[in-house]
Amino acid sequence: MKNIYCYDKSFEGLLSVVFDAYTRKVFPDALQGMCEAVEASAPSNAAGALPLLPANSYQVSSSPEKAGRVFTALRKKLSAAGVHRLLAAWLAEEPGGDLLIFRFIRLVLDSATLLEANCGDATVFELGQMARRVNRERHKLMGFVRFQKTAQGVYFSAIAPRHNVLPLLLNHFTQRLADQPWIIYDCGRRYGMYYDLCGVREIWLDSPMQDGLNWHGGQHAPVRKTMQAGPSDPVLQDGRLNESLLAEGETLVQNMWRGYFQAAVIKERINPKLQRQFMPRHYWPYLTELAGK
Amino acid sequence: MNEGTLKKLKILAESAKYDVSCSSSGVGRRNIPGGIGSAESWGCCHSFTEDGRCISLLKVLLSNYCIYDCAYCVNRANNDIPRTAFSVSELVDLTIAFYRRNYIEGLFLSSAVLKSPDHTMDMMLKVLRELRLTQRFNGYIHMKCIPGASQELVRQAGLYADRLSVNIEIPSEGNLKRLAPDKDYQSVYLPMRHIQQGILQSREESRRFRHTPRFAPAGQSTQMIIGASPDRDREILLLSSLLYKGPGLKRVYYSGFVPVNGYDSRLPAASPAAFAAPVASNTPGASGLPGSSVSPVQPIKPIKLVPKVREHRLYQADWLMRFYHFEAEEILDESSPDLDLEVDPKIAWALRHPEFFPLDVNTADYAVILRVPGIGLKSAQRIIAARRFRKLSADTLRQLGVVLSRARFFLADSCALPAGGAAHGRSFTIQEAGPAYVRAALLDKKTRQSRAVPAMRQLSLFDSIH
Ligand code: SF4
């Protein structure tokens, strides 16, 4: 019989799974989201029977307390880089990634030695690869983010990364662009981060009003749960702000950048394949110099 | 800034683009309160042009009016091209506007020679001062010093720029004088030495005092144009290795010559040495004739584009010198003055030294492991870390990032076989098969198909080399 753990698909939830698994001494063979489990029980519902979950599935309720204890234990056994790698792997949001992370955490908690160095182990290796993909995309995005200045003076950027790298970009941009307010908005996951010169908070875009770009948001930034693909937001046309929202002179600056981008090409050496290899087409709609190409 | 600035930008970017260096690495710096910008020590590419090159810095000339007449340069005095110059505030505004939108990592400022080298340096310094002091700009700045600039101006530049460079352009003095009559070794190497002194002095002072201004913290770099003169790869690499041995030189860039001026009698039009060898190979990327399988004698066109692959091989060789503990003399000896265009220089070295192999990564030293083709810096480090836990076999090596299709010829059976030692996974080592066979096996597919593969040599373990 397979042991299935259902949890809310948050990082806190996953750490709670670890806690419960160790307490119950039963370890999952599969992980599922809460709703998936309910759907699985739907047929029996229709038959008029009680909505019975399969006997070997177990519902985990997320608790900051449980998660906190697991995380403390992990921090004792991992280097700072190791903890970072683990978080990056989580943000990969790859199918099956959570079970891999679970197995990794178990390895860490069970081993006496510093496990990270042992890349020969398949789980450690795969987790490292997953984290690497995320960090690589983060590094790419550090370059590929393009701000457009809005009439309100806020610099706005839309991105659509494969992995959920936005949380990993915040330090870099609050540091670098400390004296200008900005928003970086993930179009795929439909949430953004707003820096208002004091701090960063999570926001969601609203439809534009007479006075420009609108948004609302909470005080701090919880880690997003799952990816939801949605139609593009009304303020955005393929990730670019509606022209009526732009600051005066913004179009000229953008034209200059496009002009520069064209002028820098060495025509004798055109190599679009190489260009796409470094900068996959996937990112183009969000790049000022390539949007619409 | 207005439409006029846009026109200037196009002209001054056009003129600057042949300088290949675009790196923004080498210095990590946090923002200052009230300032804008920071520097990432690993560098960052913001975009890629249609030719596949990274755009990291806004690379422009301050002006393209030039009093000099270098044969290889678009901006030389004799060329009839549109000329213009930025005003200081124009360029400063442009840099800040681009930076705020995250288009760039910083500024790469260079210039043609206006009136005199020092006059030009003076103008460039105005831009740097305005950016650093007035705008409190904290991003990356690379400034290219003008050959012949005085020590005082170089010193000031070092206070504001992260990286300074003086381009050597032509690897040997005779050729430099012929192609750039207004320049000589002196005018290039003196400013380079001033930069070096500035770096050493600031290092020394920072040891004694707490707050010393940093001098060009990302060091200096230089560039050589490849294929505008008949200089051989060996001479180029020897010069590079000499430069790397001095303090503060971080990078040598190699720029394949693009004949921007059409035919110029000073360029090596009729020198087969510069172009014939590259053209003869049928390697992808080489601008050889399509479909030529053997090496026919090519008719030498007046000016030919330097094959990208030669430039690429030079960078690989440069990389071996900087990170893999190779000496220039090891990469190219007197009998082979040019890099092999068909295989990378590391493989070329291994093929000339079969006596070094096969080796067992479970026991070999790090420096030795680094010499195995197919094992890079990262995988070598991982091997050292992982072998403390287990004996490494082919499967684990693959996981550690080793390219076994290349490495297998150079590894002992003890680590090149799948765990358990199943004999079917076995391949021949370079000792058994001989360098000619391994070479053929390591050529890329396209080249290989056009050749007959040499028969494997009789197995003889103690064969002498060459
Ligand atoms: S001095 Fe510089 S800009 Fe002037 S012609 Fe020579 S290389 Fe070109």
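The values are calculated or read from the model by the stated rules, or taken from the named source; none is laboratory data. These figures come from a predicted structure and were not determined experimentally. So basically every Cβ, Gly included, is an ideal-geometry build from the backbone, and we count neighbours across all protein chains shown.
Checking B:Gly43, B:Gly52, B:Gly28 one by one, the residue that is away from the ligand (no atom under 16 Å from the Cβ), touching a residue at least 24 places away in the same chain (Cβ under 8 Å) and either assigned by TED's automatic domain parsing to the domain that holds B:Glu173 or of a type in the set (Ser, Thr, Tyr) (or both) is B:Gly43 and no other.
Within segment B:234-248, being touching a Leu at 6+ places or on another chain (Cβ under 8 Å) and modelled with pLDDT under 90 holds for B:Leu243, B:Pro247, B:Gly248. Can you name the residue in segment B:55-82 that is outside any loop (DSSP other than H, G, I, E, B), within 14 Å of chain A (Cβ to nearest Cβ) and more than 9 Å from the ligand (Cβ to nearest atom) and, of all such residues, is farthest from B:Leu128 (Cα to Cα)? Ranking the candidates gives B:Ile55 first.
Does A:Ile101 qualify as being surrounded by 20 or more Cβ atoms within 10 Å (Cβ to Cβ), within 23 Å of the chain's Cα centre (by Cα) and more than 14 Å from A:Ser10 (Cα to Cα)? Criteria not met by A:Ile101. Within segment B:101-117, identify whether any single residue is buried (at least 22 other Cβ atoms within 10 Å of the Cβ), of a type outside the set (Gly, Ala, Ser), out of contact with any Gly (no Cβ under 9 Å at 6 or more places or on another chain) and away from chain A (no Cβ under 12 Å), and answer yes or no. Within segment B:101-117, one or more residues are buried (at least 22 other Cβ atoms within 10 Å of the Cβ), of a type outside the set (Gly, Ala, Ser), out of contact with any Gly (no Cβ under 9 Å at 6 or more places or on another chain) and away from chain A (no Cβ under 12 Å). All conditions in (1) buried (at least 24 other Cβ atoms within 10 Å of the Cβ); (2) within 16 Å of the ligand (Cβ to nearest atom) hold for B:Ala157, with the sole exception of (2).
Sub-6 Å Cβ pairs linking a first residue in segment A:277-293 that is at the interface with another protein chain (Cβ under 7 Å from one of its Cβ atoms) to a second residue that is surrounded by fewer than 19 Cβ atoms within 10 Å (Cβ to Cβ) and part of a helix (DSSP H, G or I), at least 6 apart or interchain, are A:Glu289/A:Arg258, ordered by first then second residue.
Applying the condition of being crowded, with 20+ Cβ neighbours inside 10 Å and among the basic types (Lys, Arg) to segment B:53-99 and asking which residue is farthest from B:Ile146 (Cα to Cα) yields B:Arg53.
Look at (1) surrounded by 20 or more Cβ atoms within 10 Å (Cβ to Cβ); (2) at pLDDT 90 or above and you find that B:Ala39 fails only one, number (2). Scanning segment B:367-392 for residues that are of a type in the set (Gly, Ala, Ser) and under 26 Å from B:Pro435 (Cβ atoms), we see that the one that is surrounded by the fewest Cβ atoms within 10 Å (Cβ to Cβ) is B:Ala367. When B:Lys126 is tested against the conditions (1) at pLDDT 95 or above; (2) more than 16 Å from the ligand (Cβ to nearest atom); (3) touching a strand residue (DSSP E or B) at 6+ places or on another chain (Cβ under 9 Å); (4) not in a loop (DSSP other than H, G, I, E, B), the lone failure is (3). Among the residues in segment B:310-325, are any over 15 Å from the mean Cα position of the chain (by Cα) and more than 18 Å from B:Lys378 (Cα to Cα)? No.
Specify the residue that is farthest from the ligand (Cβ to nearest atom); the eligible residues are those in segment B:83-95 that are of a type in the set (Ser, Thr, Tyr) and more than 14 Å from every other protein chain (Cβ to nearest Cβ). Residue satisfying both the conditions and the ranking: B:Ser89. Quick check: anything in segment B:16-33 within 18 Å of B:Pro259 (Cα to Cα), touching a strand residue (DSSP E or B) at 6+ places or on another chain (Cβ under 7 Å), within 9 Å of chain A (Cβ to nearest Cβ) and not in a loop (DSSP other than H, G, I, E, B)? The answer is no; no qualifying residue exists. Residue-level check: of (1) buried (at least 23 other Cβ atoms within 10 Å of the Cβ); (2) of a type outside the set (Val, Ile, Thr); (3) in a loop (DSSP other than H, G, I, E, B); (4) more than 16 Å from the ligand (Cβ to nearest atom), B:Pro147 misses just (4).
Looking for something within 16 Å of the ligand (Cβ to nearest atom), in a loop (DSSP other than H, G, I, E, B), away from chain A (no Cβ under 12 Å) and within 26 Å of B:Ser116 (Cα to Cα) - is there at least one such residue anywhere in segment B:8-15? Looking for residues that are within 16 Å of the ligand (Cβ to nearest atom), in a loop (DSSP other than H, G, I, E, B), away from chain A (no Cβ under 12 Å) and within 26 Å of B:Ser116 (Cα to Cα), one finds none in segment B:8-15, hence no. Only one of the numbered conditions (1) more than 26 Å from B:Arg29 (Cα to Cα); (2) free of Cβ contacts under 8 Å to residues at least 24 places away in the same chain is not met by B:Pro82, and that is (2).
Regarding B:Asp182, is this residue more than 14 Å from every other protein chain (Cβ to nearest Cβ), part of a helix (DSSP H, G or I) and within 16 Å of the ligand (Cβ to nearest atom)? Against the criterion (more than 14 Å from every other protein chain (Cβ to nearest Cβ), part of a helix (DSSP H, G or I) and within 16 Å of the ligand (Cβ to nearest atom)), B:Asp182 does not qualify. Against the criterion of being within 9 Å of the ligand (Cβ to nearest atom), modelled with pLDDT of 90 or more and either of a type in the set (Asp, Glu) or more than 20 Å from A:Lys267 (Cα to Cα) (or both), B:Tyr99 does not qualify. So for segment B:377-392 (the condition being out of contact with any Leu (no Cβ under 6 Å at 6 or more places or on another chain) and away from chain A (no Cβ under 14 Å)), does at least one residue qualify? Yes: segment B:377-392 contains one or more residues that are out of contact with any Leu (no Cβ under 6 Å at 6 or more places or on another chain) and away from chain A (no Cβ under 14 Å).
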